[in-house]
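The values are calculated or read from the model by the stated rules, or taken from the named source; none is laboratory data. Given the structure is predicted, the values throughout are model-derived calculations rather than measurements. When we count neighbours, we look across all protein chains shown, and the Cβ atoms used for this are built from the backbone with ideal geometry, even at glycine. Just the protein is used for accessible areas: all its heavy atoms, side chains included, with ligands, DNA and RNA removed. Shrake-Rupley method; radii C 1.70, N 1.55, O 1.52, S 1.80 Å.
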Amino acid sequence: MRAHREDAPIERVETETVRKHAPSIWCAAVRLRNDILDAARELVHSPGWLVYATSSVLRCENEDRIAAFLHRNTQWKCTFERRFGVTDTGDGFFTAHLTRV
C-alpha cells in the first residue's frame, strides 16, 4: 500500500471529568496516539505515506507525537507539518505527512 489514512477519533470527555482526571486522560490519549501511529506504520510499504491528523491543537498530542514517532522509526521522515489554530469560523486541527523512505 502506497498511502494510508488512519482515522482514530478520541471521544470528547465532560469538562468535570477532564479537570478531575486530566493527567491520566492525557497520558492515555498520548499512548493511544502512539499506538495508532505504530499500527498504521505497519500498513505502509516503502515508498509510502502516512497522514496523521487530529482535531487537537495541543503540542503533546501532535508535534510531540510526530517527534517521538520519528525517533522510534528512523526510516521515516516528516515532509509536511502544520497546526491550524482555532478561529471564529472553525475548530483547530493538526496534520503531519510522513514518508517511509
For CYS60, CYS27, give the ranking by accessible area with the largest first, probe 1.4 Å.
-> CYS27, CYS60
Restricting attention to the range 30-81, which GluC sites (Glu not before Pro) occupy a DSSP loop and are surrounded by at most 15 other Cβ atoms within 10 Å?
-> GLU42
At a 1.4 Å probe radius, which order do ARG41, ARG31 fall into by accessible area, largest first?
-> ARG31, ARG41
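Residues with beta-carbon under 14 Å from that of ASN73, excluding ASN73: net charge, scoring Lys, Arg +1 and Asp, Glu -1? Intermediate values should be presented prior to the final figure.
Working: positive: ARG41, ARG65, ARG72, LYS77, ARG100; negative: ASP35, ASP38, GLU42.
Around ASN73, the charge tally is +2.
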